[in-house]
1. Normalised by the number of residues in segment 12-94, what is the relative contact order in percent for Cα pairs under 8 Å and 6+ residues apart?
2. For segment 36-93, run through the chymotrypsin sites (Phe, Trp or Tyr not before Pro) and keep only the ones in DSSP coil with at most 15 other Cβ atoms within 10 Å of their Cβ.
3. Tell me the mean residue ellipticity at 222 nm calculated for the chain from its helices only (DSSP H runs of n ≥ 4, each -39500 (n - 2.57), averaged over every residue, nearest 500).
4. Please list the equivalent ellipsoid semi-axes of segment 100-190, computed as the square roots of five times the alpha-carbon gyration tensor eigenvalues, in descending order and whole angstrom.
5. Set the Förster radius R0 to 22 Å, insert the Cβ-Cβ distance between Phe55 and Thr134 as r into 1/(1 + (r/R0)^6), and round the FRET efficiency to 0.05.
6. Given H placed 1.01 Å from N in the peptide plane, which residues other than close sequence neighbours of Asp81 have an amide H under 5 Å from its amide H?
7. If you average the sequence gap of Cα pairs under 8 Å that are 6 or more apart and divide by the length of the chain, what percent do you get for the contact order?
8. Treating the chain as a set of equal point scatterers at the Cα positions, no solvent, please give the Debye-formula log₁₀ I(q)/I(0) at q = 0.15 Å⁻¹.
Amino acid sequence: MGKASSKLTKEDLRQLKSETYFESKELQQWYKGFLKDCPSGELTKDGLREVYKKFFPYGDPSNFSDLVFQVFDTNNSGTVDFKEFITALSISSRGTVDEKLEWAFKLYDRNGDGKISDQEMLQIVEAIYKMIGTMMKLPEDESTPEKRVRKLFDLLDTDHDGQITFEEFKEGSKKEDTIMGALNLYDGLV
């Protein structure tokens, strides 16, 4: 599905329907829109940055969109094809809580070792703070990325070993309103 054609094949539709939460008609509409925005059939890192800039005009979403791009680009090709795009969209908009948590964990686990270090989390939190810019007033205990990371580690790192496993992330996130709110941000929009 990396090369653009005007329509999805029946086989592509069947496969995407079985792998996502979208129906055939929705997939066809998303594909049409994807090709309109990405005539080559591939979304680039710069293209995703432009999308994020529209949603976050008061900050700089460049770093965050680059980090998200790496999670979208599951085959590490340097571009995101329609299958990668629609799979990520399906999880973020209609996936189960556990699917969303798994996707978010991949975003934080920068080196893919199955654990989140404080430095990996800091990289993401700094990118988020830079992206939201002046849009939100944060509580004092979250007024800097470092304070937010410390607060999250205190909550999530239950064995206090300086790393967060997926199980710790999953269980702790379900107790943290801001994490659950962020995971459910796209619910019902798509």
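1. Numbers: 63 pairs, mean separation 28.3, N = 83.
Normalised by residue count, the contact order of segment 12-94 is 34 percent.
2. Here the chymotrypsin sites (Phe, Trp or Tyr not before Pro) that fit, given the DSSP loop and packing criteria, are Tyr58.
3. Working: 10 runs with 113 residues, N = 190.
Calculated from helices alone, the mean residue ellipticity at 222 nm is -18000 deg cm²/dmol.
4. On the way: eigenvalues 77, 57, 33 Å².
Over the Cα atoms of segment 100-190, the ellipsoid semi-axes are 20, 17, 13 Å.
5. Working: r = 15 Å, r/R0 = 0.68.
Given R0 = 22 Å and the Cβ-Cβ separation, E is 0.90.
6. Long-range HN contacts for Asp81: Leu43.
7. Contact order relative to length: 21 percent.
8. After summing over all Cα pairs, the log10 values are -0.97.
FYI, it's all coordinate maths here, none of it is from the lab. Computed from a prediction, not measured in an experiment: that's the story for all the values here. Every residue, glycine as well, gets a Cβ built from its backbone with ideal geometry; the counts of neighbours run over all protein chains shown.
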